[in-house]
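Here the structure comes first, spelled out in C-alpha cells, and everything after it is commentary.
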C-alpha cells in the first residue's frame, strides 16, 4: 500500500446535504422549511416565546450564585494512591508532589491544585505535598505513618 492509495472506508464520510441549491438537490426551493410563516424565515426564536404570556424561564425564581473565579481542584482518593504505590507507579521514599501524581496518571490535570479525599484505605507511609486534603484524609495518612504538607491557609 502506498500513500496515494489510502482512502476512507466505505460509508466513513457522508456528503453534506446542500440545501436551497436547486430542484435536483432534493432540498431545493424552500430548503425543507415549508411555505411562508415565521419558521420558514431566519432568526426564529420560537423556543422561548409563549404568545405574549410571560415565558416559563422568566416565571420561575432564580436562586444561587456561581463564583466566576472559584478554584477547581482535581480530586484524588487515598485508595487510588495505595493502589499506585502497590503497583510501583509511585515511590514512597520520595515526597510525592502534585506533578508526580499527575505524571503517574492518578489524575489527568492538576487544575488549581490536587485535593486528597478519604475514600478507600491507605497502608503505606506516604509523604504528600498537595494543595488540600479533607480532615479524615489527613488523619488516615498520619495513622498509616505518613505525612502531608499543605500550603499555609489551606482548608482541611
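The values are calculated or read from the model by the stated rules, or taken from the named source; none is laboratory data. Here the structure is a predicted model, which is why all the values come from computation and not from measurement. Heads up, the Cβs are rebuilt from the backbone with ideal geometry, glycines too, and the neighbour counts pull from every protein chain shown.
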Inset, instruction - Quick one: count up the residues across segment 119-139 that are touching a residue at least 40 places away in the same chain (Cβ under 8 Å) and more than 18 Å from residue 97 (Cα to Cα). - result: 4
Inset, instruction - Starting from residues that are part of a loop (DSSP other than H, G, I, E, B) and modelled with pLDDT under 85, keep the ones in segment 33-54 and report whichever is farthest from residue 20 (Cα to Cα). - result: 51
Inset, instruction - State whether the residues of segment 90-109 include one that is touching a residue at least 60 places away in the same chain (Cβ under 8 Å), under 26 Å from the mean Cα position of the chain (by Cα) and outside any loop (DSSP other than H, G, I, E, B). - result: no
Inset, instruction - Tell me, please, whether a residue that is closer than 30 Å to residue 102 by Cα, surrounded by 14 or more Cβ atoms within 10 Å (Cβ to Cβ), without any contact (Cβ under 8 Å) to a residue 60 or more places away in the chain and more than 23 Å from the chain's Cα centre (by Cα) can be found in segment 66-83. - result: yes
Inset, instruction - Could you look through segment 26-65, keep only residues that are touching a helix residue (DSSP H, G or I) at 6+ places or on another chain (Cβ under 8 Å) and surrounded by 10 or more Cβ atoms within 10 Å (Cβ to Cβ), and pick out the one that is farthest from residue 117 (Cα to Cα)? - result: 29
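Please specify each residue of segment 100-156 satisfying the condition of being at positive phi and surrounded by 14 or more Cβ atoms within 10 Å (Cβ to Cβ).
Correct list: 111, 113.
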